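In what follows, a single structure is set out as structure tokens and then discussed.
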Amino acid sequence: MNWITNSVLPKIKALVQQREVPDNFWTKCPSCDEMIFHRQLEENLQVCPHCDHHMRLDAETRLRTLFDDGAYTKIELPKQATADPLKFRDKKRYADRLKEAQAKTGSQDAILIAHGQLGGMPAVAGVFSFAFMGGSMGVAVGDALLRAAELAVAQKAALVVFPSSGGARMQEGILSLMQMPRTVIATEIVKDAGLPFVVVLTNPTTGGVTASFAMLGDIHLAEPGAIIGFAGQRVIQETIREQLPEGFQRSEYLLEHGMVDMVVRRQDIKTTLANILGLIGNPRPSAEVVLLSTQDGNEKGSESGPEAQPS
């Protein structure tokens, strides 16, 4: 009977045994609990087809779906002189956490900067990656946004930023908080050049990111159901000792109270941005600064344009 045990039974078991299905084939929607096939979810840009819940979208996919024909060029971000300026350590060293996040996401830090065509117009985009330490804002993110602003001015392009962040990066202490005024400067660079600065608020946009550049756009769009605020809802309730209204800090609530201009489904964001840029355009500054060489070799600025023309 050994031939039955050793040969026949294993073949029968192989035929009737159910194959294990990989975990990543199906995703359970956190809102409606429906199971969604992974290909359907990818085609729908991580939006539940049953309840329209917007899940997080990775930065690379965001860029690919934003620019015309999915064509864009990422720029190399400036390298920090010291990756771990405070030698911070909690359960792990900060340097180790950075290496883990870089290996997990394939990015140097919590933001990607790219440029390309959006609706036939030049645009520079900054997209946060929540998968990289919660999209936290440290020195590298501040450097990246300043570089994005300079690139937008050089290309006479709009700057579009997609924040998704828990706020400042605690492992960098006061240096992370200094990125708030630095990112405000980045927005001023773009606005002083007469170029559009548009913010698309995604889930979540909180902390020091909300308290700086994320609320300084010329136009604010938001994805449905996104949490947008500074402190968390529980912290606010415990501080003021009052029950907050339903939907507080959600994008729809902010739209009703005038802090967001439009709530736009993810599939419609590219078209909406293209329409906005088409309406407001990428105007040149009213007075261009022209560098003139003096006899002593120094450079001085003079203004040209309607304001600078002699009467």
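The values are calculated or read from the model by the stated rules, or taken from the named source; none is laboratory data. The shown structure was predicted, so the numbers you read here are calculated from the model rather than taken from an experiment. Note that we place each Cβ from the backbone using ideal geometry, even for glycine, and neighbour counts take in every protein chain shown.
Taken over region 214-249, the criterion of being more than 22 Å from residue 53 (Cα to Cα) and either of a type in the set (Asp, Glu) or in a loop (DSSP other than H, G, I, E, B) (or both) is satisfied by 216, 217, 218, 230, 231, 238, 241, 242, 243, 244. Just one residue in the set 195, 254 is crowded, with 21+ Cβ neighbours inside 10 Å, part of a loop (DSSP other than H, G, I, E, B) and at pLDDT 95 or above; that residue is 195. Against the conditions (1) at pLDDT below 95; (2) aliphatic (A, V, I, L, M); (3) in a helix (DSSP H, G or I), residue 81 satisfies every one except (3). The residues listed here are 149, 144, 114; of these, the one that is buried (at least 24 other Cβ atoms within 10 Å of the Cβ) and within 22 Å of residue 270 (Cα to Cα) is 149.
Please verify whether residue 183 is surrounded by 23 or more Cβ atoms within 10 Å (Cβ to Cβ), out of contact with any Asp or Glu (no Cβ under 7 Å at 6 or more places or on another chain) and in a helix (DSSP H, G or I), treating the condition exactly as stated. Answer is yes for this residue. Cβ-Cβ contacts under 6 Å between residues 6 or more apart (or on different chains), taken from a first residue in region 58-72 that is over 24 Å from residue 133 (Cβ atoms) to a second residue that is in a helix (DSSP H, G or I) and among the basic types (Lys, Arg), are listed as 70/64. In a residue-by-residue description of region 89-103, the property of being out of contact with any Lys or Arg (no Cβ under 6 Å at 6 or more places or on another chain), modelled with pLDDT of 95 or more, part of a loop (DSSP other than H, G, I, E, B) and surrounded by 14 or more Cβ atoms within 10 Å (Cβ to Cβ) applies to no position.
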